[in-house]
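**Q** The structure that follows is given in the form of structure tokens.
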Amino acid sequence: MKLLTKFGIAASAALLMLASAAHADSLENIKKAGKVRIAVAMGIPQYSYVDENLKPTGSDVETAKLIAKDLGVDLDLIEITNAARVPTIQTGKADILVSALGITEERKKAVDYTVPYATLSIIVIAPKEIAIKNYADLAGKRIGVTRATTNDMDITKNAPGAQIVRFEDDATLITAAVTGQLDIISSQSAVLGGINAKRAGKEPLEVKFTQAETNLGIALPKGEKPLQDWLNTWVKTNFDNGTLREVFRKYQHRELPDDLTSR
Amino acid sequence: MNYQFDFAALLPYWRDFVAGAITTIEMTVVAVAIGLVIGVLCAVARRSAYAWLRLVVGIYIEIVRNTPFIVQIFFIFFGLSSIGITMPVFFAAVFAMVINVGAYTAEIVRAGMEAVHPSQIEAAEALGLSRFQIYREIILMPAIERVYPALTSQFILMMLSTSITSQISAEELTGVANNIQSYTFRSFETYIVIALLYLAITYLLRAGFHLIALGIFPRRRRLGTPL
């Protein structure tokens, strides 16, 4: 029993030390460690996906690389799932998250954001013969979404009568649409072309309505002011000098709005 | 270590947790019931006099036991719908589980059957029991009784594996938990809650299997001793 107590005290002391070490300023820690841990959810078309050589690529991956380069440290790319995006930052498993994360009031309670660095249009798509014009038309229909995304939250809130089918990542959702498991899905505009190219022999899908254009922010743990300031400056600088617009255009084939960083 | 636990944030979602737990149990019970029948039939087929039957069943068992469960799920859910066979997600998930648990059950039951001493079968023949009687009373039931603990743990493993079916949008306990943590941002608390729920379901299933054993194995019921 005595031994156990001793162990207990030693263990909690060790934990406390670890905890306090982790709570120094994270910008300083990144520079000291010589590497920045950037979390990216893989399988988001055009934002973060693997190319034909199985290398991570996309506008978010490229943005992450630029951030590491400008910080002057190595990039430790942490590949996660969609639903793990906020928890990964909350629990400090990564220093920052660049992963098509929409800025919402709810999420702001859990993590800090930079100013918007990109946008994401979310749309409802379905085959021609299904008549859908708005959220009310979704009542009683099965609609596929990717879990824990702004699409999911938007459909859940605005189409209470819909039967929502949730997949773990965009890739699985797209596979469901391609193989014909589902006809109606809510996703981002970049996926439509890819789905129709693969939906050979089946009715092509078309845009039914646009749910929203979401501003995307880089997320970081709460209270890391120096890192947040550095990132805000970085986003503004690179937006104004065209670097971020260039990266976005290269993968998304559309333009970012001019007033993005002041939104 | 300055994390503030807030389980109260999860309270509004208790119905979702319960619904998820019930789905998990339903999937497990249906899959195990059908899987057990398939497993026993396959175990019998593996001892068949027909070489082609032994081969077919052998291939099925080898394929299932040597591929990951998630691949089997994707194969059934996406593969079959690519060729035009679509089914609701609950059905697809249970179908994948049946195929999976059937193969493991077959191997476990076969091991039990091989442990039956040939002299017992000879004795039964000498007593004039029919082939069917011998199979049921002398080979199969004692075999199942002998491997019952192994079967039980395989079925519990299957119950825990239902968590994987959240990948294909099954709203079982893990799927529900992933939703709830994305609304509440209380991932630590959410996963603690479902870990406890899984533990509770495990004990519930164990109790169920124990009662079934008492019902079908007279020796255990009357003498209280395993075979």
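**Q** Out of residues 5 or more away from A:Ile78 or on other chains, whose amide H comes under 5 Å of its own, with H placed 1.01 Å from N in the peptide plane?
**A** A:Ile38, A:Ala39, A:Val40
**Q** Step through the residues of segment B:166-179 one at a time and calculate ³J(HN,Hα) from phi using the Karplus curve (6.51 cos²θ - 1.76 cosθ + 1.60, θ = phi - 60°), rounding each to whole Hz and writing x for Gly and Pro.
**A** Each residue of segment B:166-179 in turn: 4, 4, 9, 6, 5, 8, 8, 3, 5, x, 4, 4, 4, 5 Hz.
**Q** Using a simple spin-label model with points 7 Å from Cα along the Cα→Cβ vector, what separation in nm is obtained for B:Ala195 and A:Ser262?
**A** Taking the simple label geometry, B:Ala195 and A:Ser262 are separated by 4.9 nm.
**Q** On to the next question. Any idea how far apart B:Ser119 and A:Leu54 come out in nm if each label point goes 7 Å out from Cα toward Cβ?
**A** 5.6
**Q** Mind running the shape call on segment B:12-223? Use the C-alpha gyration tensor, a ≥ b ≥ c as the square roots of the eigenvalues: rounded below 1.5 for a/c, prolate if a/b tops b/c, oblate otherwise.
**A** Details: a/c = 3.26, a/b = 1.67, b/c = 1.95.
Taking the square roots of the gyration eigenvalues as a ≥ b ≥ c, segment B:12-223 is oblate.
**Q** Counting only DSSP beta bridges with both residues in segment A:110-201, tell me the antiparallel percent, nearest 5. Don't jump to the answer; show the numbers that get you there.
**A** Numbers: 4 of 11 bridges.
Antiparallel bridges: around 35 percent, rounded to the nearest 5.
**Q** Under 13 Å from the Cβ of A:Thr57, count the other residues' Cβ atoms, weight Lys and Arg +1, Asp and Glu -1, and hand me the total. List each step's numbers first, then the result.
**A** Working: positive: A:Lys55, A:Lys65, A:Lys250; negative: A:Asp51, A:Glu52, A:Asp60, A:Glu62, A:Glu79.
Overall, the nearby charge balance is -2.
**Q** How big is the antiparallel share of DSSP beta bridges in segment A:24-164, given as a percent to the nearest 5?
**A** Values: 3 of 14 bridges.
Roughly 20 percent of the DSSP beta bridges within segment A:24-164 come out antiparallel.
**Q** Do the sum for the protein assembly as shown: with -39,500 (n - 2.57) for every DSSP H run of n ≥ 4, divided by all residues, what is the mean residue ellipticity at 222 nm, to the nearest 500 deg cm²/dmol? Before the final figure, lay out each step's value.
**A** Numbers: 19 runs with 263 residues, N = 490.
When only DSSP H runs of four or more count, the value is -17500 deg cm²/dmol.
**Q** Follow-up. Could you list, in their original order, any pairs among A:Lys65/A:Lys198; A:Lys31/A:Lys250; A:Lys32/A:Lys69; A:Lys141/A:Lys198; A:Lys157/A:Lys222 whose Cα atoms are separated by more than 19 Å?
**A** On the way: A:Lys65/A:Lys198 30 Å; A:Lys31/A:Lys250 30 Å; A:Lys32/A:Lys69 15 Å; A:Lys141/A:Lys198 23 Å; A:Lys157/A:Lys222 26 Å.
Checking Cα-Cα distances, A:Lys65/A:Lys198; A:Lys31/A:Lys250; A:Lys141/A:Lys198; A:Lys157/A:Lys222 exceed 19 Å.
**Q** What list of ³J(HN,Hα) values in whole Hz, one per residue of segment A:72-82 in order, does the Karplus curve 6.51 cos²θ - 1.76 cosθ + 1.60 (θ = phi - 60°) give from phi, with Gly and Pro shown as x?
**A** Residue by residue, segment A:72-82 yields x, 10, 6, 9, 10, 7, 9, 8, 10, 9, 3 Hz.
**Q** OK, next. Can you give me the angle between helix B:14-46 and the longest principal axis of chain B, using Cα atoms only, in degrees from 0 to 90, rounded to the nearest 10?
**A** Between helix and principal axis, roughly 20 degrees.
**Q** Grab the Cα-Cα distance for B:Tyr50 and B:Phe74, subtract it from 0.36 nm times how many residues apart they are, and report the gain in nm with one decimal. List each step's numbers first, then the result.
**A** Details: separation 24, 0.36 × 24 = 8.64 nm, distance 3.27 nm.
This chain segment gains 5.4 nm when fully extended.
**Q** Another question, if that's okay. Take each uninterrupted DSSP H stretch in chain A, measure its Cα extent along the helix axis, and return the ones at 24 Å or beyond whose mean Kyte-Doolittle hydropathy is at least -1.0. Present the calculation step by step, with values, prior to reporting the outcome.
**A** Values: long enough: A:2-22 (30 Å, 1.44).
Span-like helices, by this rule, are A:2-22.
**Q** Next question, about the same structure. With a sphere of radius 15 Å drawn around the Cβ of B:Thr23, what net charge do the other residues whose Cβ falls strictly inside it have (Lys, Arg +1; Asp, Glu -1)?
**A** Charge balance in the 15 Å sphere: -2.
**Q** If you take the charge dipole of segment B:9-99 about its Cα centre, with +1 on Lys and Arg Cβ and -1 on Asp and Glu Cβ, which of B:Gly35, B:Leu11, B:Ile59 is farthest toward its positive end?
**A** B:Ile59
**Q** Considering chain A as a Gaussian network with a 10 Å cut-off on Cα pairs, which listed residue, A:Asn151, A:Asn29, A:Asn82, attains the greatest mean-square fluctuation?
**A** A:Asn29
**Q** Round to the nearest 0.05 the FRET efficiency obtained for B:Ile59 and A:Ile130 when R0 = 51 Å and r is the Cβ-Cβ distance.
**A** Details: r = 42 Å, r/R0 = 0.82.
Once the sixth-power term is evaluated, E becomes 0.75.
**Q** Under a GNM of chain B (C-alpha, springs under 10 Å), which listed residue has the highest mean-square fluctuation: B:Ile108, B:Ile156, B:Ile212?
**A** B:Ile212
**Q** Net charge near A:Asp183, counting Lys/Arg +1 and Asp/Glu -1 over other residues with Cβ under 14 Å of its Cβ? Walk me through the numbers before you get to the answer.
**A** Working: positive: A:Lys128, A:Lys141, A:Arg142, A:Arg199, A:Lys202, A:Lys208; negative: A:Glu129, A:Asp137, A:Glu203, A:Glu206.
It works out to a net charge of +2.
**Q** So, one more: Using alpha carbons only, how many degrees (0 to 90, rounded to 10) separate the axis of helix B:187-216 from the longest principal axis of chain B?
**A** 20
**Q** Also, quick follow-up: Could you work out the mean count of beta carbons from other protein chains within 10 Å of each residue's beta carbon in A:176-189?
**A** Working: counts 6, 0, 3, 9, 7, 12, 4, 0, 0, 0, 0, 0, 0, 0.
Average per residue, whole number: 3.
**Q** Running a GNM on chain B with Cα contacts under 10 Å, which residue among B:Pro149, B:Pro68, B:Pro12 ends up with the highest mean-square fluctuation?
**A** Evaluated over chain B, the most mobile residue of the options is B:Pro12.
**Q** Sticking with this structure for a sec: Once you place label points 7 Å from the Cα toward the Cβ at B:Leu127 and A:Glu105, how far apart are they in nm?
**A** Roughly 7.7 nm, to one decimal.
**Q** Going 7 Å from the Cα of A:Asp70 toward and past its Cβ, which residues in segment A:233-260 have a backbone nitrogen under 11 Å from where you end up?
**A** A:233-245
Rule-based calculations on the coordinates, nothing more; no lab input. The shown structure was predicted, so the numbers you read here are calculated from the model rather than taken from an experiment. For neighbour counting, all protein chains shown are included, and Cβ atoms are generated from backbone atoms with ideal geometry for every residue, glycine included.
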